[in-house]
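Novice: Sharing a structure, written as structure tokens. Questions coming.
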Amino acid sequence: MPQETPGSSEARYQPVHLTAMALRSAGHFYDLHASAARVLLQTQARAAAAFGLPDWSPLFDTADERARRVFATGAEQWLNTAQRANEAVSELQRQMGRVLETQTTQAAESWQRGIEELGSRANEGLGQLCETVRKTAEDAQRGAQAFGEPLRDTTSSPPAGQDMRPLGEPQRRPKPANA
């Protein structure tokens with residue numbers, strides 16, 4: 001037994017198919033009642049003919065056949081039109097899906113290019129900033145050396161005896177050893 005996916009046309013009932021079934025059922029119902037009425041009227045016409053009136057029973061055969069044919073032809077034309085409209089709507093949905101997929105892909109690629117460009121510009125800006133900071137540090141070091149003061153390395157420990165307390169903190173005096 002083959003598995004049917006929820007998206008397949010066999011697995012779901014489309015409104016056109018339900019309408020077609022309802023219309024055909026109505027046609028059969030109409031035929032049943034029309035045939036019953038035709039038989040009743042023919043019986044009455046033949047009974048009247050037995051009493052000497054003209055036989056009108058063939059009139060009911062032709063009128064019934066024409067009405068049945070008109071109804072069946074109209075119903076089939078309507079069903080064919082509805083089926084074509086349903087197919088056209090399905091095709092339109094497929095085409096719209098393809099257009100949306102293409103536009104989504106193009107938008108994603110555009111965003112990706114924009115992000116890549118933004119990243120490269122950010123890298124360029126950071127590179128320029130690093131270069132500017134390096135040049136400024138070199139200029140400061142040259143300036144300090146020009147005045148005869150060597151630039152102290154801030155990552156090393158302070159020279160012996162130099163106080164490294166924060167600004168504004170009072171200086172503590174060591175306690176005398178003999179007190």
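The values are calculated or read from the model by the stated rules, or taken from the named source; none is laboratory data. None of the values given here were measured: they were computed from a predicted structure. Cβ: placed from backbone, ideal geometry, glycine included. Neighbour counts: every protein chain shown. For the accessible areas, the whole protein counts, side chains as well, though only heavy atoms, and no ligand, DNA or RNA atoms are used. Shrake-Rupley method; radii C 1.70, N 1.55, O 1.52, S 1.80 Å.
Novice: For Leu59 and Glu87 in the same chain, what is the full-extension length gain: residue separation times 0.36 nm, less their Cα-Cα distance, in nm?
Specialist: 5.9 nm
Novice: From largest accessible area down, sort Asp55, Asp61; use a 1.4 Å probe on the protein chains.
Specialist: Of Asp55, Asp61, the descending order of accessible area is Asp55, Asp61.
Novice: Also: Counting only the backbone N, which residues of segment 22-61 are under 14 Å from the spot 7 Å out from the Cα of Leu79 toward its beta-carbon?
Specialist: Label zone hits: 22-31.
Novice: Rounded to the nearest 0.05, what FRET efficiency do Met96 and Arg24 have when you use their Cβ-Cβ distance and R0 = 41 Å?
Specialist: The calculated FRET efficiency here is 0.80.
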